[in-house]
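Novice: One structure coming up, written as structure tokens, with questions to follow.
Just so it is clear, none of the values below were taken in a lab; they were calculated from the coordinates. As the structure is a prediction and not an experimental result, all values here were calculated from the model. Because the Cβ atoms are built from the backbone with ideal geometry, glycine has one as well, and the counts that use them run over all protein chains shown.
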Amino acid sequence: MVNLKRYKQIVGNEILDSLSQKAEKLSGKHILHINSTYIEGGITEILNTTIPLFNELGLKMGWRVIHGSRDFFITSKKFHDALEGVKKINFSENKRNLYYETNKKFSTYTHIDHDLVVTHDAQPLALIDFYEKKQPWIWRCHADLSSAEPDVWNYMKGFLEKYDHMVVSHKSYMRNDLGISQGVIPPAIDPLSIKNVSVTEKTIHRYLTKYGISTEKPLVSQLARFNKLKDQTGLIRVFNKVRKKVDCQLVLLGFLALDNVEGQKTFEKVEKLAAKSKYKEDIKPILVNSDILVNCLQRASAVTVLKSFKEGFGLVVAESLYKGTPVVASDVGGIPLQVIDGVTGFLHKPNDLNGFCDSILKLLKDKKLREKLGKNGQEHVKKNFLITRLISDWLDLYTKYLA
């Protein structure tokens, strides 16, 4: 069970006392969060941890998940991708109607009499159209809006302009063409979750062995859902270069998001490319959603990689750094907030295969460098990306609108 006292050993009394003092001004305030899923992804992980803690601090916080058909979630995911500038979509009237009517239907059995409402990402953004607005509404956008497709952005902006505030993960995601208040609250990890809590070497060995991962060879890993933007195929090409010079192994661990219809196709492509490699015995694509396996892999890896073309924030980076594992990653989105080049890991442009190869080799060959960067990364995350900092930031924002 989530409990604030358990964080004392990690962050100390001063930070916990500060949270309690901030929360006193908001005691009894009724706040609602609405997102699109309760079973997967960074948003869900954060809400699962923070909402009980906010309630322990004296707020009355609830969480609801928008309902909809498979077509709705596929369509709204396409809206989300277009907001990130990933690809253009056929922005048809039928898609807009499906999106709007699903929000309308959800509003008919979702009563909102709260003091403040927070919606997350594109799926529930339009809900504001179906309520008499009596309280502040905040949109928490987890996407990179800096290159949003104009048609989709202008449509979504029509709803967003009715909100009071937008929260993004990085200052570069803020929009100059938006007439409401905006602010930055970077995501954070829960150090006491199954994914991040300390585990024994025996546990690590058991889980690696269970999934056929050698404990005798240096391990390079990428942990990300399977889709084109995570570029697992590109990382296999990088690994082929690395493996020529160092006897090591690559694990590509991921899962299929419910709203990502291309995920299975991506995984199959990854499997086929791995099977064609000269080093196929050392490349292991694993399709499973397991927090304890993530934890064990990040701790066992000599280096973790996140070779994304696009990334809203990439909390998997902070997770690895917290465990003292250096990261080689793409210089995109919120990753540079976490990976300080040459200090906590190395950054490269997504298509710089040689750069990724060189940095991975450098870390594999130099244990002292791995330990140095790993220690730096651990301290960087403790100071900037733990859940207690996230709670403090949200308390400040709630106070702005409610106290």
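Novice: Which entries of 22/60; 78/310; 244/265; 269/307; 104/157; 245/265 have Cα-Cα distances beyond 23 Å here?
Specialist: Those over the limit are 244/265; 245/265.
Novice: Relative to the longest principal axis of the chain, what angle (0 to 90°, nearest 10) does the C-alpha long axis of helix 263-276 take?
Specialist: 10
Novice: Select from the stretch 94-156 those chymotrypsin sites (Phe, Trp or Tyr not before Pro) which occupy a DSSP coil region and have at most 12 other Cβ atoms within 10 Å, ordered by residue number.
Specialist: 109
Novice: Continuing with this model, one more query. How far, in nm, would the chain grow between residue 5 and residue 245 when pulled straight, counting 0.36 nm per residue and subtracting the alpha carbon separation?
Specialist: Here the segment from residue 5 to residue 245 would lengthen by 81.6 nm.
Novice: Let me ask something additional. Nothing charged except the Cβ atoms of Lys and Arg (+1) and of Asp and Glu (-1): what's the magnitude of the dipole of the stretch 201-384 about its Cα centre? Round to the nearest 20 debye.
Specialist: Result for the stretch 201-384 is approximately 480 debye, rounded to the nearest 20.
Novice: Let me have the relative contact order for the stretch 83-140, percent, based on Cα pairs under 8 Å that are six or more residues apart.
Specialist: Dividing the mean separation by the residue count of the stretch 83-140 yields 35 percent.
Novice: So how tilted is helix 13-24 from the main axis of the chain? Cα-based, degrees 0 to 90, rounded to 10.
Specialist: Taking Cα atoms only, the helix is inclined about 20 degrees.
Novice: Equivalent ellipsoid semi-axes for the stretch 298-403, as square roots of 5 times the alpha carbon gyration tensor eigenvalues: give them largest first, rounded to whole Å.
Specialist: Taking √(5λ) for each eigenvalue gives 29, 16, 9 Å, largest first.
Novice: For the stretch 201-384, what relative contact order do you get, as a whole percent, if you take Cα pairs closer than 8 Å and at least 6 residues apart?
Specialist: 22
Novice: State the Cα centre-to-centre distance between the stretch 98-143 and the stretch 303-341 in whole Å.
Specialist: Taking the Cα centre of each part, the stretch 98-143 and the stretch 303-341 sit 32 Å apart.
Novice: Now, a different point. If you build a Gaussian network model of the chain, linking Cα atoms that sit under 10 Å apart, which residue out of 215, 304, 388 swings the most?
Specialist: 215
Novice: To continue, here is another question. Would you mind working out the magnitude of the charge dipole of the stretch 203-253 relative to its Cα centre, with +1 at each Lys and Arg C-beta and -1 at each Asp and Glu C-beta, to the nearest 20 Debye?
Specialist: So the magnitude is around 160 debye.
Novice: Hey, what angle do you get for helix 201-210 against the long axis of the chain, alpha-carbon based, 0 to 90 degrees rounded to 10?
Specialist: For helix 201-210, the angle is close to 90 degrees.
Novice: After finding the eigenvalues of the alpha carbon gyration tensor for the stretch 201-384, what semi-axes result from the square roots of 5 times each, listed largest first in whole Å?
Specialist: Computed over the stretch 201-384, the values are 22, 19, 17 Å.
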